[in-house]
Each structure stands twice: as C-alpha cells, then as structure tokens.
Amino acid sequence: MTATKQTAQVTVVADGTVVTPKGFQAAGVHAGLRYSKNDLGVILCDVPASAAAVYTQSHFQAAPLKVTQASLAVEQKLQAVIVNSACANACTGEQGLRDAYEMRELCAKQFGLALHHVAVASTGVIGEYLPMEKIRAGIEKLVPGATMADAEAFQTAILTTDTVMKRACYQTTVDGKTVTVGGAAKGSGMIHPNMATMLAFITTDANISSAVLHDALRSITDVSFNQITVDGDTSTNDMVVVMASGLAGNDELTPDHPDWENFYEALRKTCEDLAKQIARDGEGATKLIEVRVRGAKTDEEAKKIAKQIVGSNLVKTAVYGADANWGRIIGAIGYSDAEVNPDNVDVAIGPMVMLKGSEPQPFSEEEAAAYLQQETVVIEVDLHIGDGVGVAWGCDLTYDYVKINASYRT
C-alpha cells in the first residue's frame, strides 16, 4: 500500500512512480551503450494518451526532439516514449535523424503501436552516432511492467552523471475520482533550462485533451523546470513530455472544470519536485539553493532576478564555502535588466537579515556560517517596487564540478 502525506487538496505519494497512474508501464535494460548500467528504457501506455511536450531553446535541437515533434504533429497523442542514455544523438546530421526515426520504428514494432504514437529521447555525449546494433537488440529485450522495480529500471536507464534517481508522484480528486500524476527525470549538468540537459517524463491518468494539457505544461514549466540552473549551459536534447491516459474516469478537464485547480496543482507539484531534485543533484553539488524574490515590478522580473542570483558563480561558490557574502547577491541583482531601486532592497540568508532598505544589518558570522552548512539554503530578496514574486533553484559550485566536466568523455 502506498504511503501518502496530505498537503492541501493534493497528496504526495511517497513511493509513487511514473507507473503509478492507471494505464502505464515502464522498463529499462542494459543494451551495452554503457559499461554496466541500464541505458535503454521505455514508458508504455495501455491506450493512445493525450500528450504534450516542451523542448530546449537551443538552436541545435537533437534528432530525437525532431522525431518527437513529428510524432506529436499528427494527432497530439503518444503511447510510448523510448529513451537511451550514453549518446545524445545530437549534431549527427542526416544519419542521426535516420537513427532516431529507426528507434521510433523499432519501438512501434516491438509493442504494436502506430509510428506517430512513439516519442524518442536521448541523452549523453554530443556528436557521436548511436550504436544502432545495440539499440536494436536492446529494444527487443524491453518487457514493461507496473512494479516499483520496473519504474526504477527505467529511472536508472535515463541517467548520465546523475548521482540519484529522480521521481515524484502526487494525487488529487477530480469528480470524486482519484487522479494521479507521476514523473521521472534526469539532469545534473548543463542545466540552465529553457531547458537544459534535462529529460522529464510525466504520466497521469486524468481525462484531459492534448491542447489543454499543453497549455498547462507550458505555464507550469515557466515556474518549475525553467527556474532551475546548475551551470548556465543549455543543452541540445532537453525535453519534458506529459502523457494522460484518461483512465481515472473523470469528466474531461478544462480550466472551467470545478476541480481544475486540484489537477493543475498536482501537475505543478510534480514538475517542481522533479526540478528541485535536478537542481540539488547538480554535478558535484552539496547543497540546494532556493532564491525567493518578492516586491518586483512583475512576476517575470522576479523570476528573472531569482534565477540570476541562483545562477551566479560567485553566489554559488560563497554558498559552497559557507561564506555569508551578501555583496555577491547584490552584485547579481545589480546586473539584471529588471527594474531595481538600489536605495531600497532587503536581503536575507535563511533567518538572518543582511540588508534592510539597502542598509547593512548586524548579524552573527558564526550563525550564518552554520546555516550555510545545511543541505538547503534559502535566500530571500524584497525589491519593494511592486507585487511580483518568483522562485528559482540551483546548487553550489564545488571542486568536483570541475573534475566531473574535465573528464566527461573519458
């Protein structure tokens, strides 16, 4: 029996996974793309599901993204997502595109699906061709199921430099029916989404159209996945895909439905949960940094400043060194193109106010250093200009980040 914890009208399912919503299965196998770990996975739905996706804003979109876009363009439905790690299949020209289309065809044939009901995703080293003989053999070994082990096999298969699996699951009530949202994600480095080296796969059994699901995903992405940063680099392969089986049995959801906010919040919490896990697992990271900005002219400006602060290498290194150098926070705010009144800004690190009305405040260096040793560090800023609010997440910058990325291909 799943363990749950109540939060408002949305419940977090502590041991829920991407296969907890009705109608979904998953699998992951070792196809030989990596030395020993799982490197090929699939999510399979019992029925063609309403689907939506958002993609990296990089000019160099990888071949799998183009194939997924082509699939969704037919009728905005998906029944499977086939994913490999170890090779990004990016910047691989016409051969890479042919390989991505072949992955789609092989998956469709393996599970008896229409070609356009299959999405494709890849992650790993850029500029290398997929070892298609291993992909072909690996897809034949995929046997999806709906157990925790099946979900974890998939979750492992999508990882690259990640140190932990990332999953989230929430439930709510719509028309008296239990609606579940589950998700799995990967991401550790090159994280500066709009989006970055990040893949997220979200499933739900809600009855909702693809068009409405797409609008909800875009809105939620802007306050979750697009508000995380690890190192300021944007990748070629990032994608968030949502599939809705409709098997919960509720009336079709729209923004006018009386239970719309319940579903929207469940989807938002799932995305935010996964985004924070990605930020916390930044390459070499030891701490999650959360920046909360209020008092901005608009929400957009607040989000922009929050992300600018959490993305500052000087702020990140100060947090790693447990140095309460609030001047670095001011520095990051100062080069933002958002509206700022430099004579009236408040800054707090955890419970300690460092700056009030742009006037330095006394604080205990020892208490500040102790706070900065915690696994989660919260920075709060009040601009005293308007009602805009925004939050962003990131991580500290450590010696290990350099070590990992200095030898990524070896």
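The values are calculated or read from the model by the stated rules, or taken from the named source; none is laboratory data. Since this is a predicted model, take the numbers as computed values, not measurements. Cβ: placed from backbone, ideal geometry, glycine included. Neighbour counts: every protein chain shown. Just the protein is used for accessible areas: all its heavy atoms, side chains included, with ligands, DNA and RNA removed. Shrake-Rupley method; radii C 1.70, N 1.55, O 1.52, S 1.80 Å.
Just report the Cα centroid separation between the range 64-93 and the range 147-190, whole Å.
Centre-to-centre (Cα) distance: 19 Å.
What's the local net charge at Glu290, with K and R +1, D and E -1, over the other residues with C-beta under 14 Å away? If you can, show how the numbers build up before the last one.
On the way: positive: Lys276, Arg280, Lys287, Arg292, Arg294, Lys303, Lys307, Lys316; negative: Glu272, Asp273, Glu375, Glu380, Asp396.
Combined, the nearby Lys, Arg, Asp and Glu give +3.
Could you work out [θ]222 nm for the chain from helices alone, using -39500 (n - 2.57) per DSSP H run of at least four and dividing by all its residues? Round to the nearest 500 deg cm²/dmol.
Values: 11 runs with 130 residues, N = 410.
That comes out to -10000 deg cm²/dmol.
³J(HN,Hα) across the range 148-163 via Karplus (A = 6.51, B = -1.76, C = 1.60, θ = phi - 60°), whole Hz, x for Gly/Pro?
Listing the rounded values in order: 4, 4, 5, 4, 5, 4, 5, 4, 5, 5, 9, 7, 10, 8, 4, 9 Hz.
Using a 10 Å Cβ count of at most 10 others and DSSP loop calls, identify the longest part of the chain lacking such chymotrypsin sites (Phe, Trp or Tyr not before Pro).
Segment 36-334 is the longest.
Hand me the GluC sites (Glu not before Pro) from the range 236-343 located in a DSSP loop with no more than 10 other Cβ atoms within 10 Å, in residue order please.
Those that pass, being in a loop and sparsely packed, number zero.
In nm, to one decimal, how far is the modelled label at Asp215 from the one at Asp46, with both set 7 Å along Cα→Cβ?
Those two pseudo-labels are separated by 2.9 nm.
With springs only between Cα atoms under 10 Å, which of Met239, Met132, Met165 fluctuates most in a Gaussian network model of the chain?
Maximum among the listed residues: Met132.
Ignoring ligands, DNA and RNA, what accessible area per residue does the chain give at 1.4 Å, in Å²?
40
Once amide H atoms are placed 1.01 Å from N in the peptide plane, what residues at a sequence separation of 5 or more from Gln57, or on another chain, have their amide H within under 5 Å of its amide H?
Amide H neighbours of Gln57, under 5 Å, 5+ apart: Asn194, Met195.
Which percent of the accessible heavy-atom area of the range 306-352 goes to carbon and sulfur, probe 1.4 angstrom?
Carbon plus sulfur share of accessible area: 51 percent.
With contacts defined as alpha carbon pairs under 8 Å and 6 or more residues apart, what's the relative contact order of the chain in percent?
Result for the chain is 17 percent.
Given the pairs Lys37/Lys307; Lys166/Lys307; Lys22/Lys303; Lys77/Lys166; Lys307/Lys356, which are separated by over 27 angstrom at their Cα positions?
Those over the limit are Lys37/Lys307; Lys22/Lys303.
Could you please state how large a percent of the accessible area of the range 1-137 is carbon and sulfur, counting protein chains only and using a 1.4 Å probe?
Within the range 1-137, the accessible surface is 53 percent carbon and sulfur.
Out of Asp299, Asp162, Asp343, any idea which swings most in a Gaussian network model of the chain, alpha carbons joined below 10 Å?
Evaluated over the chain, the most mobile residue of the options is Asp343.
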